[in-house]
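The values are calculated or read from the model by the stated rules, or taken from the named source; none is laboratory data. All figures in this text were calculated on a predicted structure; none of them were measured in a lab. Here the Cβ positions follow ideal geometry from the backbone for every residue, glycine too, while neighbour counts run over all protein chains shown. Just so you know, the surface numbers come from the protein's heavy atoms only, side chains and all, with ligands and any DNA or RNA stripped out. Shrake-Rupley method; radii C 1.70, N 1.55, O 1.52, S 1.80 Å.
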Amino acid sequence: MKRFLMAALGGTAAGVIATTQIAAPLLAQEAAKTENVYEQLDLFGDIFERIRAQYVEEVDSSDLIEAAINGMLTSLDPHSSYLSPKDALKMREQTRGEFGGLGIEVTQEDGFVKVVSPIDGTPADEAGVEAGDFITHVNGESLLGLALDDAVELMRGPVGSEIVITVVREGEQEPFDVSIIRDTIELTVVRSRIEGDTVVLRLSTFNEQTYPKMKEAIDEQVEKAGGIEKVNGFVIDLRNNPGGLLNQAIAVSDAFLEEGEIVSTRGRDPADGDRVNATPGDLSMGKPLVVLINGGSASASEIVAGALQDHRRAVVIGTKSFGKGSVQTVMPLRGDGAMRLTTARYYTPSGRSIQALGVSPDIIVAQPPARPETEEEETPRRLLRSEADLRGSLNNDSLTEDQIKQIEEDRAKAEKAAELREEDYQLAYAIDILKGLSALGPND
């Protein structure tokens, strides 16, 4: 027993020595890091005072500090930034669905402002600005080297005033100028219509109105179609949708899923991770879905597309999405300002991150470039004759008049859908997919 006690005491002593030998260097390293931080803060204070005292012109101390804070945040990634009280107010207005400006969602790449997407029906959209465009100058002033917020501030101005932006576009040999008249941006977050037997839902952004407006649109269009049994499926058009509120992306995904994970988020601390699951209830009543995406579909749009794709609930059509797979938390600060900080990455139900990779469509369909307008009239098409056009042809005796009428109505719908290919090839392709799925479905 005595020998056992001595061995135990010896083990305890060895454990204390080993712990001390490991902990002491770690504590010393931590102390050195803390001391270095304070030295850097002292350096910041010295520079701040020298600028105030010796810069060629008098500067505002508040502006200097705000610039330093914003520089610290923007050095982290393109989506973290400081919001002054004025900018924080504008952001709150934007999430409510009405604000002033050009109507573009932008990020920064290679020192220039890159258009994530123009917003439907806004001055930028009507002026022909496209997703992927680089804005290099505003009214002749270069944006190279400016922080994103400073570049955006240059593009702001009174409603009704003109702005000229210089655009570099892939496929164009030279930069070109685009003139835009600033306006108040009133977002129509959801547009809906019926094409043939298909309900088309166009979601332009994710703000506080998106899910409620989408639900209203579904109810309205299904009633207009004569009931859900008259609908062959739904197209959810997320092209050029720059994203927005995470909770709205979750709500829209949940609207078409009965169960399973929608999205997960993972921060630096594993304990801060979160998973969101769908709840029972499908607004589309199990009808087939097609989701349309392109390079302007970002953030919340990618959450919806990824969730519906992973659950095999929708066929995703279009081109690769933007690839913004990070979560920003807006944190209020003293003085009514705020800080937008990237706090997590989000993952689709299968566990894949979209960051920098985007969502890959199940079927890649590019939008053909618009045909150049010519003054010359197209050669009129030769009229095609059929059996029914021949004099004295026999009638079809196997169908009733009502059945013949139905066939003619279906043919008219198909011809109208074919005409849509000239206007919007990607949407027409999506509708064709739903028509094909419906044709293969069980007969009622």
Residues that are free of Cβ contacts under 8 Å to residues at least 24 places away in the same chain and at negative phi, drawn from the range 312-329: THR329
Qualifying positions in the range 101-141 - part of a strand (DSSP E or B) and open to solvent by 50 Å² or more (accessible area, probe 1.4 Å): GLU105, GLN108, GLU109, PHE112, HIS137, GLU141
Cβ pairs under 9 Å, 6+ apart, first in the range 422-441 and closer than 11 Å to GLY233 by Cα, second part of a helix (DSSP H, G or I): ILE431/ALA417; ILE431/LEU420; ASP432/ALA417; ASP432/ARG421; LYS435/ALA414; LYS435/ALA417
So ALA356, is it surrounded by 14 or more Cβ atoms within 10 Å (Cβ to Cβ) and either in contact with a strand residue (DSSP E or B) (Cβ under 8 Å, 6 or more places away or on another chain) or part of a loop (DSSP other than H, G, I, E, B) (or both): no
Search result, residues across the range 344-353 that are out of contact with any Asp or Glu (no Cβ under 8 Å at 6 or more places or on another chain), surrounded by 13 or more Cβ atoms within 10 Å (Cβ to Cβ) and not charged (D, E, K, R): TYR346, TYR347, SER353
Pairs, first under 28 Å from ALA439 (Cβ atoms) and open to solvent by less than 30 Å² (accessible area, probe 1.4 Å) in the range 179-206, second part of a strand (DSSP E or B) and of a type in the set (Gly, Ala, Ser), C-beta under 6 Å, six or more apart: THR198/GLY233; LEU201/SER192
Residues of the range 68-84 classified as open to solvent by less than 30 Å² (accessible area, probe 1.4 Å) and part of a helix (DSSP H, G or I), total: 2
Residues of the range 156-177 that turn out to be within 13 Å of VAL115 (Cα to Cα) and either of a type outside the set (Asp, Glu) or in contact with a Leu (Cβ under 7 Å, 6 or more places away or on another chain) (or both), as a count: 5
Members of the range 143-167 that are in contact with a strand residue (DSSP E or B) (Cβ under 7 Å, 6 or more places away or on another chain), open to solvent by 30 Å² or more (accessible area, probe 1.4 Å) and among the small types (Gly, Ala, Ser): GLY157, GLY160
Selected residue (only one of GLU109, GLU49 is free of Cβ contacts under 8 Å to residues at least 24 places away in the same chain and not hydroxyl-bearing (Ser, Thr, Tyr)): GLU49
Test: residue in the range 288-303 that is over 15 Å from TYR346 (Cβ atoms) and free of Cβ contacts under 8 Å to residues at least 12 places away in the same chain: no
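Rundown of residues vs (1) hydroxyl-bearing (Ser, Thr, Tyr); (2) over 29 Å from SER179 (Cβ atoms); (3) modelled with pLDDT under 85, yes/no style:
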| position | (1), (2), (3) |
| --- | --- |
| TYR55 | yes, yes, no |
| LEU76 | no, yes, no |
| SER84 | yes, no, no |
| GLN94 | no, no, yes |
| THR122 | yes, no, no |
| ALA131 | no, no, no |
